[in-house]
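S.K.: A single structure is presented below for examination.
The values are calculated or read from the model by the stated rules, or taken from the named source; none is laboratory data. Here the structure is a predicted model, which means the values were calculated and not measured. With ideal geometry, Cβ positions are generated from the backbone for all residues, glycine too; neighbour counts draw on all protein chains shown. We work out accessible area using only protein heavy atoms, side chains counted, and drop any ligands, DNA or RNA first. Shrake-Rupley method; radii C 1.70, N 1.55, O 1.52, S 1.80 Å.
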Amino acid sequence: MDNFLNFFLLGDVPNDLVSFTFFIGTMAMMAASAFFFLSLDAGGAKWRTSILVSGLITFIAAVHYYYMRDASVSGDSVTFFRYVDWILTVPLMCVEFYLILQKAGAQKSLMWNLIFLSTIMLVTGYVGESGLGDAVIWGTISGLSYFVIVYILWFGSAGQLAQKAGGAVLDAFNALKWFVLVGWAIYPIGYMIGTDGWYDFVDALGWNMEVVYNVGDAINKIGFGLVIYNLAVTDK
Ligand SMILES: *C/C=C(C)/C=C/C=C(C)/C=C/C1=C(C)CCCC1(C)C
């Protein structure tokens, strides 16, 4: 088994839970990328870009997981790779929202607003998590940006456009909206677990912030991409 894994330059199977989830995460992101890239035409020309973006999201994550796994086995911090990954992939998710609503008349401003807010959310989160600033203050600013994103998707103009599009587009939009409300909420929980003095019992379980983030990424990157794939094959 280890020889096989070394062949893929993945090294030995790590024996602590945290590194192991990075290892599984690398595999899962690689497999999902292969799936999306090979399925580019599954919904015809109309959905090609959307499926491509799904593949780019998991591929960018696969590369970062590869590095994070290495850092994790060596006991180094993964925070920098983590946020570089997010700062590239979360805006691509905002692009996905725009792409599926484009035919219902979505304006580019919807995409730029979401990208702007998610950048604020992640940069302020990085300041708090890396120790450059107070974890509570910066985490709160990050959380406020997150609420605005949720608000725009649940109660703003994006929802009206999805209604107008109806059918499979509306179904996909509604599913993705839940990913942002529930799936993305996993991250602030991870952040609080990583903040000293908050939810310290989690460490006793052998879990930590990184495990929570890894579970979040698997759901939000692979699951999110599969919703797009499903939309493409239902609405050819
Ligand atoms: C693929 C990666 C995704 C979808 C990452 C999403 C990340 C977040 C929604 C992070 C949110 C945070 C807060 C709302 C407050 C605390 C700091 C963060 C950055 C963990």
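S.K.: If a residue has to be open to solvent by 30 Å² or more (accessible area, probe 1.4 Å) and in a loop (DSSP other than H, G, I, E, B) to count, how many in the range 195-206 make the cut?
M.R.: 7
Matching residues to (1) open to solvent by less than 40 Å² (accessible area, probe 1.4 Å); (2) over 18 Å from the mean Cα position of the chain (by Cα); (3) more than 11 Å from the ligand (Cβ to nearest atom); (4) modelled with pLDDT under 95:
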| site | (1), (2), (3), (4) |
| --- | --- |
| V150 | yes, no, no, no |
| G159 | yes, yes, yes, yes |
| V180 | yes, no, no, no |
| Y187 | yes, no, no, no |
| I193 | yes, yes, no, yes |
| G216 | yes, no, no, no |
| L226 | no, no, yes, no |
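S.K.: I've got another one for you. On the given criteria, is I24 of a type outside the set (G, A, S), under 20 Å from the mean Cα position of the chain (by Cα) and modelled with pLDDT of 95 or more? Working first, answer last.
M.R.: Details: of a type outside the set (G, A, S): yes; under 20 Å from the mean Cα position of the chain (by Cα): yes; modelled with pLDDT of 95 or more: no.
Against the criterion (of a type outside the set (G, A, S), under 20 Å from the mean Cα position of the chain (by Cα) and modelled with pLDDT of 95 or more), I24 does not qualify.
S.K.: Search the range 208-225 for residues that are touching a residue at least 60 places away in the same chain (Cβ under 8 Å) and under 16 Å from M27 (Cβ atoms) and pair each with any residue that is near the ligand (Cβ under 9 Å from one of its atoms) and among the aliphatic types (A, V, I, L, M) when their beta-carbon atoms are under 6 Å apart and the residues are at least 6 apart or on different chains.
M.R.: K221/I57; K221/A61
S.K.: Give the range 84-112 a look and list any residue that's within 16 Å of the ligand (Cβ to nearest atom), over 24 Å from D134 (Cα atoms) and either touching a Ser or Thr at 6+ places or on another chain (Cβ under 7 Å) or of a type in the set (S, T, N, Q) (or both), or say none.
M.R.: T89, P91, C94, E96
S.K.: Being open to solvent by less than 20 Å² (accessible area, probe 1.4 Å) and without any contact (Cβ under 8 Å) to a residue 60 or more places away in the chain is the filter here; which residues of the range 99-110 pass it?
M.R.: Hits for the range 99-110 are A106, L110.
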